[in-house]
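Notes for the one structure printed next.
Read-outs: derived from the displayed coordinates by stated rules, not from any lab. Just so we're clear, the structure is a prediction, and the values are computed from it rather than from any experiment. Cβ placement follows ideal geometry from the backbone for every residue including glycine, while neighbour counts extend to all protein chains displayed.
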Amino acid sequence: MTARDLFEASAPVHPDVHLLDTDAGPRVLLADGSRLFGVGRALYDRIDAARRDPDPEVLDAVLADLGLDAPRRIDDLAPDPPPVRALSLAVAQKCNLGCTYCYAQQGDFGGPAKNMPERTAFTAVDALFRDAAPGERVNLAFLGGEPLINRPVVRAATDHAVTVSRRTGIPVTFSITTNGTLLTPEDGEFFEAHGFAVTVSLDGVGARHDLLRPHRDGRGSYQRVMDRVAPLLAMQRRMQVSARVTVTPLNLDLPRTLEEFTAAGFHGVGFSPMLSSPTGHGEMALPDLEVMLEQMTACGEEFVRRVLAGRRYPFTNLVTALREIHRGTHRPYPCGAGAGYLGVSADGELSACHRFVGDADGAMGDLATDPDDAKRARWLTDRHVHRQEPCSGCWARYLCGGGCHHEVIRRGRPACAYIRGWLHHCLSVYSRLLAARPDYFAA
Amino acid sequence: MSDDRIDPLNLTAQLNHTAAGNPPSTLPESAISNAYPGLEFDIRTIWRRLLVGIELHEADNYVVDAQPEHQGLIGRRLISVGDHDVIGPVVGPTRPGAGSAPLTSAGNPDGVMMLEWSNSLADVLADHVGRTVPCLFTADAAPNPVGKPAQLPDPRFQVVELEVRPLFARSAATGERLAVIAEDVAGPGELTSGLCSPWQNDYRECACYYWAASRPDYVNVEDTGAGTTTGNHWFAKDREPREYVLDNRDDSRLVSYDDLFRDWQGELRFIVGGDDAPEHLEADPEGR
C-alpha cells in the first residue's frame, strides 16, 4: 500500500471503530480497549455500513449484538498524579553540537549554559527513591544538552543511585541520551556495568548526518560519533546501545539508514519526525510526512521479511508498535510526562519532561519543595486525550495518546495523517505476523 | 472463516470476548471473583477431561466416564500423572494437644485425599501438553480413597499412557493459542452447571458476613442512644421483637433450608439502605 493509500485507508470515519482490509483478512479495531478482531466479509460490511450511518445508535446496536459493548475503559476523568518513578536530569544545559532543529536550542534551552551541581543530582536521586515501595522500580535518565559534558555528575549520580538502591531494595534502571561525540571506552565500561540504555542521536549515514548535526564550527560529526560508539557496540551485553534518528526533509532515506545502523550493531534504531523546532528549521510538512511514511513501510516490509525468516531486525518503531498492539495498550496520554515521569533542570526545577526544561508551560515545581501536585493534576486534566482536538473523533486516539505534548503545544498536530497511516500499517503487519509467526508474540 | 464469525486477535480482544457458550459473568468487568466453586464458573470443571479418553470427577480422583477404549478405567482411581501425585497423605492431631499423625479411618484406611486439580495438574499441563504421559491407576474399581504403593510395579495398580489435552482453544484465524478454554475441555454450559445456588441454599450455608453485599446480616438497625444498637437478622422470620438472632440453622426463628427450598422468593426480602424495603412492610394495596 502506498503512503497515499494508507492516508486514505486510515482516515477517521468513526471514533469507536476502524476497519482494515489486510492480507490476512478483514479486521476490526475497536478503539475502546484497542481490541482487534478478525471478521468475515459480511460482518465487515455490516460494521462498515453502521459506522457510516448518521444515527450513532446504529453502530452501538451492532456492537451490542456482537457482545462487544463493554463499559468504556477510559473515561473523561484524569487520574490523580501518580508517584514519580522516573526522572531525567538535564545534567548539562549546553552542547558541543549546533543542530539547527534542537528543541533545547543547542543545549541551553535559550538561557545561560550551565552544569547541574552534584548536590542537585543527589537530591533528585533521593527524591526518586523516597516514596518508592518494595516491588516498585525507578528509572534515572541523563539528558541535556549533551550530558557527557558533565560526566563526573553522571557517574556520581549513578553511583549514588546504586547505593540507595542497595539500601532500599528498590531496583533502578539507567538511561542516557547522547550525541556520541564525547563517548570513551571507559564510559562504555561504566554503562555496561550498570546496564544503561544508551541512545545515540544519529540522523543518517555520513553526509546526511553531518548536514543536520554539525559541530558548532560547522565540521561534521558522523565519523567521530561512529568511531566513539564502536567500542560500546562491541561491548554491549547488559547495556543496550540504540540509534535515534530525527527525521527532517533532508534525511528521508530511512531504509538505508536502518540497514547501515543495523549492520553496525545497534540494538535498536528508531525514527521520529521533526515536528516542532524553535526556529522552524527542519520541520516536516505533509508532503515530507508522506515520503517518510513510504520509507517507514519499506522498512516495515524488510522487518517482516526478516521475522518470517526467523531473524531479528531492530526496527524499534515497528517492534514497539507490534508489542503494544498485541497487548491492546490503550491510554489517554502519549507518555508518562507530568505523571510518573518528570524532568529536572540543572537548577533543580521540575518540568513535565526533558523537553520542558526552563519552560513555564510544563513547570511542575522544584526539587526543594517536591513536585507541585496541583500543577500535575491540572496538566493531567488538560492533556487528557478526551480534551484534545481533533483526537476525540479519531479511532487512533488510545494508541497515539494525542501526540507529544511538547510538539502539540508548540506546533499543533500536523502529523495526524502520518500517525494514523503508520498505525494502520502496523495493524496490518500485526495481522500478517500473527497468522504467519504467532511464536513472535508468544514471548 | 465463515462470514458471521468474529475472532479476537490481540490480548485485550481475547480477554473481553464472550466465548461461545459462556455467560456474561465470565468477563473480567462482570466477575465477582469467586471461582471455587464460584458464582461465575466452576474452575474445577476444566480439569475433568484433561486426560484424553477419560473423565474425572471435578472434586475426586475418581474416573466417572471413559471412551470405549478406556471403559475398564471407569470406577478406578487415578494416583499419579507422570511425576506428579494427585493424592496426598492426610495428617493431623487425633485429640486436642496431640502431635500430628496419619488420619485413617475404616473408609479411608490409607489416610489419603485427592489434591485439588488446579494444584496437582497445573504442572502436568505445563510439562506434557499435547503428549502422552504415564498415569497410575488402581487396577480395580475403588470406591474409597487408595494410597500410593511404596514400590512399583504392584499388581494392585496399572500404568496407562494418556495424552494431556490442551486447555486453551486456538484461533481459527491464526492458529495461535487463545485466552479461551477449549470446547473439548468444557463444553457450552459445563463451566456453570455446578455453580452454587444462593437463594435456595447458599445464603443459608455460608453464614455471617460471607455475602457482603447481596445477603446482608444485620438490618433495620437503630441506635439505642446507649451506645448499642437494635435490629434484625436478615433471616429473621418476624421483625418483632427487634433483636439479632445469632445465626443457627436449627433456630426456628430464622428462615430454614426447607423454607428457602419451598419459597425463597417469598421469604427473602429486599433491603434498601440497610432497612427492609417498604413493599415488605406495608400491605400491598393491589393485593399482589
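Across the range B:198-280, Cα pairs under 8 Å and at least six residues apart give a relative contact order of 27 percent. The overall shape of the range A:223-312, judged from the alpha-carbon gyration tensor, is oblate: a/c is not under 1.5, and a/b is no greater than b/c.
Evaluated with a Cβ-only charge set (Lys, Arg +1; Asp, Glu -1), the range B:158-270 carries a dipole of roughly 220 debye about its Cα centre, given to the nearest 20. Would the range B:106-216 count as rounded, prolate or oblate if I go by the C-alpha gyration tensor, calling it rounded below 1.5 in a/c and otherwise prolate when a/b exceeds b/c, oblate otherwise? It comes out oblate by the Cα gyration axes.
What FRET efficiency comes out for residue A:320 versus residue B:196 if R0 is 56 angstrom and r is the Cβ-Cβ distance? Round to the nearest 0.05. Write down the numbers at each step before the final one.
Values: r = 45 Å, r/R0 = 0.81.
FRET efficiency, residue A:320 to residue B:196: 0.80.
Among B:186-196, A:243-253, sorting by the average number of other beta carbon atoms lying within 10 angstrom of each residue, highest first, gives A:243-253, B:186-196.
Using the Karplus relation 6.51 cos²θ - 1.76 cosθ + 1.60 with θ = phi - 60°, the per-residue 3J(HN,Hα) values for the range A:41-58 come to 4, 5, 5, 4, 5, 5, 5, 4, 5, 5, 6, 8, 6, x, 7, x, 6, 5 Hz, with x marking Gly and Pro.
Measuring between their Cα centroids, the range A:303-368 and the range B:220-275 lie 57 Å from each other. Each semi-axis of the equivalent ellipsoid for the range A:316-443 is √(5λ) with λ an eigenvalue of the Cα gyration tensor; in descending order they amount to 32, 17, 12 Å. Using the Cβ of residue A:53 as centre and a radius below 15 Å, the other residues enclosed give a net charge of -4, where K and R count +1 and D and E count -1. Derived scalar couplings between HN and Hα for the range B:163-179 equal 8, 8, 7, x, 7, 9, 6, 10, 5, 5, 7, 10, x, 7, 5, 9, 8 Hz in order, rounded to whole Hz, by the Karplus curve 6.51 cos²θ - 1.76 cosθ + 1.60 (θ = phi - 60°), x for Gly and Pro. Evaluating 6.51 cos²θ - 1.76 cosθ + 1.60 at θ = phi - 60° for every residue in the range A:336-343, the Karplus couplings come out as x, 4, x, 9, x, 10, 9, x Hz, glycine and proline recorded as x. Dividing the mean sequence gap of close Cα pairs (under 8 Å, 6+ apart) by how many residues chain A holds gives a relative contact order of 20 percent. Amide H to amide H, with H built 1.01 Å from N, residue B:169 comes under 5 Å of B:178, B:180, B:181, B:182, counting only residues 5 or more places away or on other chains. Less than 19 Å from a label point 7 Å out along the Cα-to-Cβ axis of residue A:223: which backbone N atoms in the range A:262-289 qualify, by residue? Residues A:264 fall inside that zone.
Calculated mean residue ellipticity, 222 nm, chain A: -12500 deg cm²/dmol, from DSSP H runs (n ≥ 4) at -39500 (n - 2.57) each, averaged per residue and rounded to 500. Within the range A:150-237, the trypsin sites (Lys or Arg not before Pro) that combine a DSSP coil assignment with at most 12 other C-beta atoms in a 10 angstrom radius are A:216, A:219, A:237. Note on the protein assembly as shown: antiparallel DSSP beta bridges, both residues inside, total approximately 60 percent of the bridges counted. When only alpha carbons are used to place a centre, the range A:383-404 and the range A:426-443 end up 26 Å from one another. Between 0 and 90 degrees, the angle of helix A:118-130 with respect to the longest Cα principal axis of chain A falls at about 40 degrees. From the Cα gyration tensor of chain B, with a ≥ b ≥ c the square roots of its eigenvalues, which class applies: rounded if a/c is under 1.5, or else prolate if a/b is larger than b/c, or else oblate? Oblate, since a/c reaches 1.5 and b/c is not below a/b. Computed on the range B:115-205, with alpha-carbon pairs under 8 angstrom and 6+ residues apart, the relative contact order is 24 percent. Between the Cα long axis of helix B:257-267 and the first principal axis of chain B there is an angle of about 60°, rounded to the nearest 10.
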